[in-house]
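The values are calculated or read from the model by the stated rules, or taken from the named source; none is laboratory data. In this text the structure is predicted, and so the values were computed from the model without any measurement. Reconstructed Cβ throughout: ideal geometry from the backbone, glycine too, with neighbour counts over all protein chains shown.
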Amino acid sequence: MAGAEVILQTRAIKGFKDILPDEVHIWQRIETVARGIFRCFGFSEIRVPVLERTSLFVRSIGEETDIVEKEMYTFTDRNGDSLTMRPEGTAPVLRAYVEHALHLKSKVARLYTIGPMFRHERPQKGRLRQFHQMSAEVLGAADPFTDAEVMAAAHTILAELGAEASLEINSLGCPDCRPAYNRLLVDYLRSRTEKLCSDCRRRLDKNPLRVLDCKNETCRAEVEESPAVTAHLCAPCAEHFAAVKENLASLGVPFRENRFMVRGLDYYRRTTFELVTDRLGAQSAVGAGGRYDGLVESLGGPKNTPGIGFAIGMERLVLLMAEKERGLPPGTDLFIAALGDEARGHAFRLMHALRLKETACLMDTSGGGLKSQMKQAGKTRAGHTLIIGDDELASGLAILRDMETGDQKHIPVTEDIETTAAHIAAELERGE
Ligand code: ATP
Ligand code: MG
């Protein structure tokens, strides 16, 4: 029993994952590229808490959704308040927008955030319980240029990172036209109830739109001939959708209409979209989003504040990124192999001086032979190695080895550490 407990303590919880040093550079690259693109598209970063009141998510995402019904990490804290680890970023960002009256700061708020999300679902490839999203929201703009701009931002991030995904779009209408469409759809589905899966039979009463994107083969076949939501939009919604498509085309962003794509969250209105791929098995979407014009108001914000946003799943993005886009973890600039006690003390001070000159520098302070130290230089993927023994110190010349080409040259090393460090730093810079 004790043994089993020890093993459990040394394993992360199911669905939670470490991002190790040899893969963290991929994440850093994704974030750097995304931040650059967000900036170009006019977005500012906002950082919001990981914990929120449960009611925030229930009210915004909707009670009848997979997330609220079965995926949230909800608990009662020591004060008896019901809190939830955020399953998505839109609700917290909108809560912050309302709380800080950000609508007073600018006509349109463009906000992005990057961070962990939590959903209790069955872990598999590209599906975790703690995962990461980069998400963006535009609040205060209802026009169809904005929809195209937001999709273009998501598309650009993926393209820039070499992650191939296709953009699929749909329109779900608005409170004016959706109820009538819902009735039409329910009528159509009622005549086929016995062929639908048990989930869809339940959805029929609660959330009929969701039957359209059921993954079950028989359900798929049954909805094939169903009325299309886009054929039953009210005039303003139809006009908006046509303009969105025109604007996307005008930017040269490729897309495909998919009338079966409905998204799982209740708050969507009009435009919805997904960035899909066939390279992630059952997990086909790497990113998704849509318009949610009533949401800000329903969270107590100013009336008639339109909104639209998207989220990209970063674990899936990592899986999609081509090998060449991932790169290698950066190595150290210089490894100092010091042989002998005097040389070691000298190297230690030299290492510090180089670090202060922005040269990444490492040595094995515990000593060891040349062979072992050269091996470590290789493991740290050092660009160069400086070899200093007590003899070199006495002669005033150490050996600087370019680890890629194997070229070696002599470098003057003196008691004047600053000058020696400056010399080496200049030498490394020359080699770059
Ligand atoms: P799915 O249909 O795969 O469950 P979703 O519709 O629940 O996705 P969204 O809520 O739209 O997903 O989240 C946006 C993106 O976040 C998804 O496209 C996906 O890339 C990522 N994502 C969602 N849930 C997970 C998860 N459990 N693990 C990893 N990534 C996830
Ligand atoms: Mg999901």
Open item on the list: For the condition modelled with pLDDT under 95, surrounded by 15 or more Cβ atoms within 10 Å (Cβ to Cβ) and small (Gly, Ala, Ser), what is the one hit in 389, 396, 369?
Closed with: 389
Task: Residue that is nearest to ligand 1 (Cβ to nearest atom) [pool: residues in the range 105-135 that are in a strand (DSSP E or B) and of a type in the set (Lys, Arg)] - done: 127
Open item on the list: Condition first: in contact (Cβ under 8 Å) with a residue 60 or more places away in the chain, under 14 Å from residue 157 (Cβ atoms) and either aliphatic (A, V, I, L, M) or not assigned by TED's automatic domain parsing to the domain that holds residue 89 (or both). Now tell me which residues in the range 277-324 satisfy that.
Closed with: 286, 311, 312, 314, 317, 318, 320, 321
TODO: Restricting attention to helices (runs of 4 or more DSSP H) lying wholly within the range 1-68, give those where 3 or more residues are of a type outside the set (Lys, Arg) and surrounded by fewer than 17 Cβ atoms within 10 Å (Cβ to Cβ).
DONE: 2-9, 21-40
TODO: Would you mention how many residues in the range 315-371 are in contact with an Asp or Glu (Cβ under 8 Å, 6 or more places away or on another chain) and of a type in the set (Asp, Glu)?
DONE: 2
Open item on the list: Restricting to the range 243-302, give me the number of residues that are assigned to a loop (DSSP other than H, G, I, E, B), within 16 Å of ligand 2 (Cβ to nearest atom) and among the acidic types (Asp, Glu).
Closed with: 1
Task: Subset of the range 177-213 (residues that are touching a Pro at 6+ places or on another chain (Cβ under 8 Å) and of a type outside the set (A, V, I, L, M)) - done: 181, 182, 188
Task: Only listed residue being touching a strand residue (DSSP E or B) at 6+ places or on another chain (Cβ under 9 Å) and over 20 Å from residue 408 (Cα atoms), chosen from 344, 349 - done: 344
- [ ] Return the residue satisfying two criteria in turn: it lies in the range 69-104 and is part of a loop (DSSP other than H, G, I, E, B) and in contact with a strand residue (DSSP E or B) (Cβ under 9 Å, 6 or more places away or on another chain), and of such residues it is nearest to ligand 1 (Cβ to nearest atom).
- [x] 88
